[in-house]
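All remarks here apply to the structure that follows.
The numbers here are math on the coordinates, done by the rules we state, and not lab data. Bear in mind the structure is a predicted one, so any value in this text is a computation, not a measurement. In this analysis, Cβ positions are derived from the backbone assuming ideal geometry, glycine residues included, and neighbour counts consider all displayed protein chains.
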Amino acid sequence: MALDGGLLVRHRVPFSQEPSGLKRLVNRFRITPMAVFWTLITFILVIPILLFLSVAFSPRLMSQGHQWFTLSSFKPVFSGAYGIALLHSLIIGVVAAVGAMIIALSMAWLVIRTNTPARVLWNTTIFALFLAPSYLIALGWQRLFEQRGVLEIMGFSVAPIRNLLYGPVGICMVLMVKGIPFAYLVIANAMRGLGEEFEQAVRVHGGSRFEAFKVMASLLMPSLFSAMAIVFAEAISDFGVASTLSSVGHFSVATYQLYQGINSIPVNFPVSAATSITLLALVILAILAQNKALRGRSFRTLSGRTRPATLTKLSFFGKISTSGYIVVLLIVTLGIPVFGAISASMLQGLGSLLSHYSINFDNYSRVLHSRFLRNPLIYSTEMSLITATLAVGLAAIASKVLTSARNSRSKRFVDFFLLAAVALPGIVFAIGYIFTYNLKFINDLGLHIYGTSFLLALAYTANALPSTSRSLVGNMGQIQESMMDAARVHGSGAAKAWVDVTMPLIARPLLIAWLLTFSGTLLELPVSELLYPPGSPPVAVGIELSLAGFDYGGGTAIEVLSILWALVVVGIAFFLFNRFAPPGWKRLGNLR
Amino acid sequence: MSENAPVNAYRVEIRGASKHYGALKALNQFDLTIEPGTFTVLLGPSGSGKSTLIRSIAGIERLDSGSIAFGERVVADNGFHMAPEKRDLAMVFQDYALWPHMTAFENVAYALKRRNLDASESTRRVNEALERVGLSSKGPNYPFQLSGGEQQRVALARAIVGRPSLLLFDEPLSNLDADLRERLRVEIATLTREIGATACYITHDQSEAFALADQIGVLRAGELQQIAAPEEIYRSPANRFVAAFTGTSGSFLGVVTEVRGHHVQVALGKRRIECRTSTSLKVGDSVEVLIRPSATSLSHHHSNSLPAIVLDVAYRGRGYEHVVECEFGVISSVFATESTARGSRVEIYIDPHNCLAFPSEKRVEVDLSSSELTPIK
């Protein structure tokens, strides 16, 4: 055995395999998954967002005015109708975010950590909430409570409820309902990864159940803040409620003002861009608050040593009261809008001035037999499959970048642009796409993609990427980095280590993210409306066209069939996962 | 080179390795050589850079500058970085890093994938590895169904199953209880030497380091303080930090009164003791005297002893360890085969060979001309 004996050997090793300069250059510029990721992020997020937002400061840059630099586009945003709408959006966003987070946290705890009987109801219906865009939830309520709507036809007097619905209360309620599934899935996934040892530590040291719950809530902080950030961003950028309850109730919100700006002639792009920047600023403030609250604290709890949690056994009274809570929540969030949509879809004569109404399945029959009504569903399904796969792939990489231990530039960059994109209303995003991909220099590059399914898929992906990424961040942040390191040092390349280790650990959240993106895209309205290729309307446009033609029955029948189809896809996906995924993949997140 | 080293055991050469995290220098121009088939332990406190070093050897971290070579093969050199999976090594992690979605068998088998063995040979080797760590019946269990010690054994089996050329250990025993730690330490020592791989092990526990190592490197603030055989580190620490970090039972401040080669006489208040030094000292220098645990014993007849009172006594199986207080401070781990009651007055013999004097930055005032200075008994 040769030892240095306290002296350091200082001669240089003859490094016979030192790489050549050319090889180093190739190494530096080779096509890696990260390079592909950054290229896609640049083209689908960064360029459209930056070009559109730049109009607010430099109208002349995009031929929208005479000034190279001006802040005058911001003046209308903070005064008059725009200012009021912005304030309304801010208040509504905060109420929806806090409300949705509290409800989601309580539901996650009941469903994952207790034996309350009604939890099976929640687990099987949570996706339905995701599937229904806010405009469909609002339309469900509208069909029930509007003048000469379903309830009035049934002989009920609902004017007081209608007055509440067509105002801030109704808007907050729908946005909160729409936010609950986002918040729930983020929190529930994090809770599944949280072993029971933390709770046990509190209990054995004299803490009550409530104190254990508080500790658990602290450990869930990243997901709680993530949930609130997502709901807040979704709420203030929502267009579905703006186009329904807000417009009917004359309670303006920022996105509705944007919509009006875009629909005015001539189109006022600079003010729309300025409003978008202001919305962005609001979301960024929320995220800054989130980061400040979490700074310097580690929440990595998922590792090979994590033991699954056991269920809390509720008393009889506990079971009754928690089940009652879940049932009431289901009725309010899902039952009423579903009843509104189904009853409207089966009611012949709704929307007309007829005094005679009948109930049957004629509207469904029309949808299934009409190519005009059926094809949008097929087209939207194809687009949703592509979008969900692409968006989840990118979101997985983005969430990995966002949860890396180092506060790198790339992390801050991804964080900023994903958040910026969350805050951008879909309709503005779509206009950004129209804007960018019609620009002369883009066409000069040979990118003639405006009006194609390709551009629509890119826009869908870009639109879905921010929220999909955010939903994975909580889970990705729980994975101990040493598990990936272990795979690398034991012979797997980065991609293989990812597939072998990271993917199985977040298989369930990945599946959920894929299903959410699929369902969200299937019924997406604003991007579809502005970017669909001529002759190929997606399903949301098909519904809008029917409703615009006062075919309430046909429109709501397409709506119901679309949601049922999305539920079928969800069911098939979970069946395949439970049937064919390796046992270890399924074990994570399951209960003992 | 170790006799049982296989031909593929790596010689690891690290030259000028530097790594910064912002303003923090984790490694600073670090040089190290590990001979093939030897077991090297890198010992240091938190923040000394040992984790960064072992992760850089593994390829998990990229060096800012400097180079690492395994034999003739360069794996990192000023911008060039070989991916971890191409380095043909294995690693045992502090938190085990077992994959929770795989069984113990699958965790171990994973490390064999790169060997492209047929299924039956792979199964045979995995079973053999699990058997060698005493877990032959635990193959179908998931990590959460195993105890902490069993999980770390699975991690050990995963590391050795592929017979890698280099084995890295990142404080693998720090999460285990004392008894388990000792048993696993022995297993790590024997299994590693059996397969003949070069081993690099990091720890902050000096007893672990001395028990395992062929050579020990002591790190501080990203720099190597000393690298040598355990015996040499213990007997001739290069500086006060190395001496203090490798085990002392007490320290006193004093002034050198006489220098005789590698031995000096130090005045502690009104008493003098003899001790060894590896640095050049002169009469009048302020020094810190560090006393190794092996230097002390309860005595009634030796010179170089100090009067003290027993503060505490603890039974250690083979005898008793006493904590005593003399007029210059507290000395712990004073061993005796017989117990001495708390509060008893005793004489503590201090062996000059295991008592080390280092220059002290703190100035100590002793009147060397005073006739009251008590000579060594």
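Distance between the pseudo-spin-label points of residue B:190 and residue A:211 (7 Å out from Cα toward the beta carbon): 4.6 nm. Reported to the nearest whole Å, the Cα centre-to-centre distance from the range B:272-307 to the range B:70-140 is 49. Summed over qualifying helices (DSSP H, 4 residues or more, each -39500 (n - 2.57)) and divided by its residue number, chain B shows a 222 nm mean residue ellipticity of -6000 deg cm²/dmol. Shown in residue order for the range A:94-102 are the 3J(HN,Hα) couplings computed by the Karplus curve 6.51 cos²θ - 1.76 cosθ + 1.60 at θ = phi - 60°: 5, 4, 5, 5, 5, x, 5, 5, 5 Hz (x for Gly and Pro).
Residues whose amide H comes within less than 5 Å of that of residue B:30, counting only those at least five positions distant or on another chain, are B:16, B:17, B:18 (H built at 1.01 Å from N in the peptide plane). Only Lys, Arg, Asp and Glu carry charge here, each on its Cβ (+1 for the first two, -1 for the last two); on that basis chain B has a dipole of about 340 debye about its Cα centre.
The convex hull built on the alpha-carbon positions of the range B:1-132 has an orientation-averaged projected area of 10.0 nm².
Computed over the alpha-carbon atoms, the range A:393-529 gives an Rg to Rh ratio of 1.04, Rh here being the Kirkwood radius from the mean inverse distance. Rg and Dmax, both from the Cα atoms of the range B:114-164 and both in Å, are 11.0, 31.
The translational diffusion coefficient of the range A:141-291, from Stokes-Einstein at 10 °C and 1.306 mPa s with a Kirkwood hydrodynamic radius over alpha carbon pairs, comes to 86 µm²/s. Projected onto its three principal axes, the C-alpha set of the range A:460-510 covers 38, 20, 15 Å, listed from the longest axis down. Using a simple spin-label model with pseudo-atoms 7 Å out from Cα toward Cβ, residue B:62 and residue B:174 lie 2.6 nm apart. In order along the range B:263-274, the Karplus-derived 3J(HN,Hα) couplings, from 6.51 cos²θ - 1.76 cosθ + 1.60 at θ = phi - 60°, round to 10, 9, 9, 10, 8, 10, x, 9, 10, 10, 10, 9 Hz, and Gly and Pro are given as x. How many percent of the alpha carbon pairs in chain B exceed a separation of 29 Å? It works out to 52 percent of all Cα pairs. Each residue, residue A:60 and residue A:410, gets one label point 7 Å from its Cα in the Cβ direction; the gap between the two is 3.9 nm. Note on the range A:221-290: along the principal axes its Cα atoms extend 46, 26, 13 Å, ordered by decreasing extent. By the Cβ-Cβ criterion of under 4.7 Å, the unpaired cysteines of chain B are B:200, B:326. With the convex hull constructed from alpha-carbon coordinates only, the range B:196-332 shows a mean projected area of 10.7 nm² over all directions.
Annotation: amide H-H contacts under 5 Å for residue A:452 (H modelled 1.01 Å from N, sequence separation of 5 or more, or interchain): none. Put simply, the C-alpha atoms of the protein assembly as shown give a gyration tensor, and the ellipsoid matching it has half-axes of 67, 31, 29 Å, longest first.
The ellipsoid equivalent to the alpha-carbon distribution of the range B:197-266 has semi-axes of 27, 13, 11 angstrom, derived from the gyration tensor eigenvalues as √(5λ) and listed largest first. For the protein assembly as shown, the dipole from Cβ point charges (+1 on Lys and Arg, -1 on Asp and Glu) about the Cα centre works out to 920 debye, to the nearest 20. Ordering B:253, B:209, B:243 by the projection of their Cα atoms onto the charge dipole of the range B:208-280, which places +1 on the Cβ of Lys and Arg and -1 on the Cβ of Asp and Glu, puts B:253 at the extreme positive end.
For residue B:258, nonlocal amide neighbours, meaning residues 5 or more places apart or on other chains whose placed amide H falls under 5 Å from its own, are B:265.
Counted by Cβ distance under 15 Å from residue A:526, the other residues give a net charge of -4, where Lys and Arg count +1 and Asp and Glu count -1. Kirkwood hydrodynamic radius computed over the range B:164-243 comes to 13.5 Å, based on all pairs of distinct alpha carbons. Hydrophobic, long helices, defined as DSSP H runs whose alpha-carbon span along the helix axis is 30 Å or greater and whose mean Kyte-Doolittle value is at least -0.5, do not occur in chain B. The gain in end-to-end length when the residue A:321 to residue A:496 segment is fully stretched comes to 58.2 nm, 0.36 nm per residue minus the alpha carbon separation. Think of chain B as a dipole: +1 on every Lys or Arg Cβ, -1 on every Asp or Glu Cβ, centred on the Cα centre; then among B:166, B:152, B:44, B:166 lies furthest on the positive end. Here the range B:90-112 is scanned for amide nitrogen atoms under 20 Å from the site 7 Å beyond the Cα of residue A:198 along Cα-to-Cβ, giving B:95-98, B:100-101. The radius of gyration of the Cα set in the range B:99-210, together with its Dmax, comes out at 13.7, 42 angstrom.
Shown in residue order for the range A:579-585 are the 3J(HN,Hα) couplings computed by the Karplus curve 6.51 cos²θ - 1.76 cosθ + 1.60 at θ = phi - 60°: 7, 10, 5, x, x, x, 5 Hz (x for Gly and Pro). In the range A:524-584, one over the average inverse separation of all distinct C-alpha pairs is 13.6 Å, which is the Kirkwood hydrodynamic radius.
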